[in-house]
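So the structure is just underneath, and the comments pick up after that.
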Amino acid sequence: MTTAIVSAMHEELAAVLDLMPDESRRLAAGREFWVGHLHGREVVAVLSRIGKVAAATTAAVLIERFQVSEIVFTGVAGGLGPGVSVGDVVVAESFLQHDLDASPIFPRYEVPLYGASQFRTDAALTARLSAAVARALPQQRLHRGLVVSGDRFVSTDAECRALQAALPQALAVEMEGAAVAQVCHDFGVPFAAVRTISDRADDDAHVDFARFVRDVASRHSAAIVHALLA
Ligand code: ADE
């Protein structure tokens with residue numbers, strides 16, 4: 001039983017790596033995979049880098065080369081849903097690619113030849129992750145639901161409003177989760193994802209994001225991963 005812990009950026013994973021006492025580094029697909037233990041459990045930690053293709057490559061290597069049994073993604077996201085504020089935590093129940101549009105051949109957002117636009121996260125792993133968030137960050141508001149992914153940092157009021165209008169159920173936006181969800185679906189590997197809200201995907205997003213990633217993201221990830229595996 002090996003759990004993969006994935007983040008897009010170093011700032012989101014640094015404190016998790018500090019918790020691993022015995023890791024060895026292995027290189028694959030140009031990435032460093034930290035193989036070791038956390039609370040006695042076998043863990044592979046890796047930075048996916050940013051965007052859907054980078055995330056999909058990382059997930060495929062974790063599954064095929066490192067034979068992980070489950071994948072947990074942790075990081076930050078922009079808040080979209082009403083009441084999803086900076087500092088809140090979102091646990092994904094499903095993912096959609098907001099920038100996927102093969103219409104009119106297929107309905108907008110539908111992943112061609114899958115007959116679906118959303119991929120659900122694993123219910124049991126997601127329940128464990130939600131319980132871990134509640135234990136690790138009891139003062140933070142926790143939301144569960146749809147998270148949308150795309151190869152775009154959403155950083156204007158106009159873009160944010162357009163996404164909210166097109167996808168009113170979306171709680172948050174980021175750049176990797178839907179890709180990992182699709183790869184895990186293909187391989188039948190359980191997947192769960194948690195994102196702390198770093199910004200509201202609006203005109204101030206780039207400033208809020210930079211500050212949050214520097215000051216909070218890694219601490220939150222480490223606390224959640226610690227509670228999940230302890
Ligand atoms: N990750 C964190 N904030 C984001 C945003 N506003 N857009 C896309 N990904 C993000």
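The values are calculated or read from the model by the stated rules, or taken from the named source; none is laboratory data. Keep in mind it's a predicted model, so treat the numbers as computed, not measured. Cβ placement follows ideal geometry from the backbone for every residue including glycine, while neighbour counts extend to all protein chains displayed. Surface areas here come from the heavy atoms of the whole protein model, side chains and all, with no ligands, DNA or RNA. Shrake-Rupley method; radii C 1.70, N 1.55, O 1.52, S 1.80 Å.
With the condition kept exactly as written, say whether any residue in the range 122-137 is open to solvent by 40 Å² or more (accessible area, probe 1.4 Å), over 22 Å from Arg214 (Cβ atoms) and touching a helix residue (DSSP H, G or I) at 6+ places or on another chain (Cβ under 7 Å). Within the range 122-137, one or more residues are open to solvent by 40 Å² or more (accessible area, probe 1.4 Å), over 22 Å from Arg214 (Cβ atoms) and touching a helix residue (DSSP H, G or I) at 6+ places or on another chain (Cβ under 7 Å).
Looking at Asp202, is it in contact with a Cys (Cβ under 7 Å, 6 or more places away or on another chain) and not hydrophobic (A, V, I, L, M, F, W, C)? Yes. Among what's in the range 206-221 and is under 26 Å from Ser130 (Cα atoms) and either among the small types (Gly, Ala, Ser) or open to solvent by 60 Å² or more (accessible area, probe 1.4 Å) (or both), pick the residue that is farthest from the ligand (Cβ to nearest atom). Across the range 206-221, the extreme among qualifying residues is Arg219.
Screening the candidates Phe106, Phe33 for the property of being touching a Pro at 6+ places or on another chain (Cβ under 7 Å) and either open to solvent by less than 60 Å² (accessible area, probe 1.4 Å) or at positive phi (or both) yields one hit, Phe106.
Among the residues of the range 146-190, the ones that are open to solvent by less than 50 Å² (accessible area, probe 1.4 Å), more than 10 Å from the ligand (Cβ to nearest atom) and among the polar types (S, T, N, Q) come to 1 in all.
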